[in-house]
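Asks: I have a structure I would like to understand better, so I am pasting it below and will then ask my questions one at a time.
Every number in this text was worked out from the coordinates using simple rules, so none of it is lab data. Please read all numbers here as calculations on a predicted model, not as lab measurements. Methodologically, a virtual Cβ is constructed for each residue, glycine included, from the backbone with ideal geometry; neighbour enumeration extends over all protein chains shown.
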Amino acid sequence: MDIQRHERIARIKQISGYLYVCLTWVRYALWVVWPLMVAVFLVGGKMQLTVGVVQMQDVELTLVQRLLMVALLSVFLWLALKITHHSRELIRHFSVGDIFNKQAIDHARKALLNGVVIYVLYLCALLGSWFYSAMQTSPVHIVVNTDFIVALMFFGVMYVLLWALEIGCDLNEESELTI
């Protein structure tokens with residue numbers, strides 16, 4: 001094996017170990033933030049809410065509205081925890097040097113799919129805020145957010161990386177069969 005390549009692999013393993021620890025702390029932070037956010041939504045007084053392009057100042061929410069907000073927040077945080085879990089497991093495979101296997105690809109695929117679900121929920125909230133804004137004001141003032149272009153590029157790159165992992169796994173399996 002080329003020495004430069006061996007050093008590069010060792011560096012990837014080391015950085016992956018650091019990322020694994022960082023994602024572990026992110027996971028713990030999400031577990032702590034979740035009940036705190038639920039408590040704020042359920043017991044808090046007047047709020048300032050920003051959904052998409054709509055800002056609402058000093059909003060007094062009913063119990064049903066608060067429960068709906070808690071449900072939406074819980075879905076978002078649950079998906080974020082799933083993304084963190086699958087990303088941690090993928091990085092764990094990287095940190096031990098076992099990159100091209102079916103389990104690592106499965107974790108990458110699940111993390112990416114959960115990311116797409118979160119993004120679709122974001123788009124639904126943005127669309128809902130547009131409709132809310134249209135009902136509240138006259139004339140209709142719709143601001144087009146171009147973040148979706150960046151998100152599409154991000155998910156495109158992530159899918160290319162996933163496909164590269166799948167190709168690497170297939171090549172790894174073929175090389176094991178020839179040996």
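Asks: Rounded to the nearest 0.05, what FRET efficiency do Met135 and Leu81 give with R0 = 30 Å and r taken as the Cβ-Cβ distance? Could you check?
Replies: Efficiency, from the Cβ-Cβ distance: 0.30.
Asks: Another question about this same structure. Quick one: net charge around His85, please, counting Lys, Arg +1 and Asp, Glu -1 for every other residue with C-beta under 13 Å from its C-beta.
Replies: Working: positive: Arg27, Lys82, Arg88, Arg92, Lys110; negative: Glu89, Asp106.
Net charge in that neighbourhood comes out at +3.
Asks: What does the net charge come to around His107 if you take all other residues with beta carbon closer than 9 Å to its beta carbon, with K and R at +1 and D and E at -1?
Replies: Details: positive: Arg88, Arg92, Arg109, Lys110; negative: Glu89, Asp106.
The answer is +2.
Asks: If each residue of separation counts as 0.36 nm, what is the full-extension length gain between Ala10 and Thr178 once their alpha-carbon separation is subtracted? Walk me through the numbers before you get to the answer.
Replies: Details: separation 168, 0.36 × 168 = 60.48 nm, distance 2.63 nm.
This chain segment gains 57.8 nm when fully extended.
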